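The values are calculated or read from the model by the stated rules, or taken from the named source; none is laboratory data. Keep in mind that this is a model prediction, so the values were computed, not measured. Don't worry about glycine lacking a Cβ; one is built from the backbone with ideal geometry, like all the others, and counts go over all protein chains shown.
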Amino acid sequence: MATKPTHEQAQLQLQLFEQRREPRLRQARDWFWQNYHPETFEESMRIAAPGTEGGTFVMMVMSYWDQACAMLNYGLLHEDLFFETTGEFFGVWEALKGVVPQGRERFKNPYFLSNLEKAAKRFEEWTEKRSPGQIAAMREMMKQMRSQAKKAA
C-alpha cells in the first residue's frame, strides 16, 4: 500500500493549484492548447518567438510545469496524489517532446525541461499499470485536438 501524503505535501500541491488559477497563467495555458502545435523546432520558434506574446505564454507554461515536476522529482510532492489529480503536465510534455531535443542542442542545455520529461515518463508507467490503454487514448485525443486546431487556424 502506498504511503499517504503528508500535510505539507498536500498544502504544497494546493498552492501549485492556486498558481494555475492565476489569470495570466490561465491565459497562457489556454493559448498554449489552442495555438502551440509545432512539428519542428523551427516551427516552434515561429509560433513562440522570443519577445512575442506566444513566446511568453509558452515559456510560462513550460517553466510552470517543469518547476512543479522538479518539486515532484525531489519528493516534495506526493507522487500518487500528484498523478491522480494532475494530468496536464503530461499533455504539455506530449506537445513539447518532439522539439525538446533540438532545443537542448540549440541552447546547449541537456537539462532543458528534464524535470518535466522525467515526471512524464513515470506518469506514463504509473498510468499504464493502473489503466492500460489510457495513454494511447489520450495521445489519440490530443492528435485530434491538434488537427482541429490547425484546421481552425
Answer residue from the range 130-153, given it is more than 19 Å from PHE89 (Cβ to Cβ) and in contact (Cβ under 8 Å) with a residue 40 or more places away in the chain and is farthest from the chain's Cα centre (by Cα) among those: ALA153
Among the residues in the range 109-129, are any touching a residue at least 24 places away in the same chain (Cβ under 8 Å) and assigned to a loop (DSSP other than H, G, I, E, B)? yes
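Tell me the helices (runs of 4 or more DSSP H) entirely within the range 14-97 that contain at least 3 residues that are in contact with an Asp or Glu (Cβ under 8 Å, 6 or more places away or on another chain) and without any contact (Cβ under 8 Å) to a residue 24 or more places away in the chain.
Details: elements: 23-35, 41-47, 53-73, 79-85, 88-96.
The helices (runs of 4 or more DSSP H) meeting that bar number zero.
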For the range 98-108, indicate whether the set of residues that are closer than 28 Å to THR6 by Cβ, part of a helix (DSSP H, G or I) and at pLDDT 95 or above is non-empty. no
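Considering only the range 1-55, how many residues are touching a Pro at 6+ places or on another chain (Cβ under 7 Å) and not β-branched (Val, Ile, Thr)?
Total meeting the criteria: 1.
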Restricting attention to the range 91-120, which residues are within 21 Å of GLU42 (Cβ to Cβ) and of a type in the set (S, T, N, Q)? GLN102, ASN109
Just checking, does the range 73-87 include any residue being within 13 Å of the chain's Cα centre (by Cα), crowded, with 16+ Cβ neighbours inside 10 Å and not hydrophobic (A, V, I, L, M, F, W, C)? yes
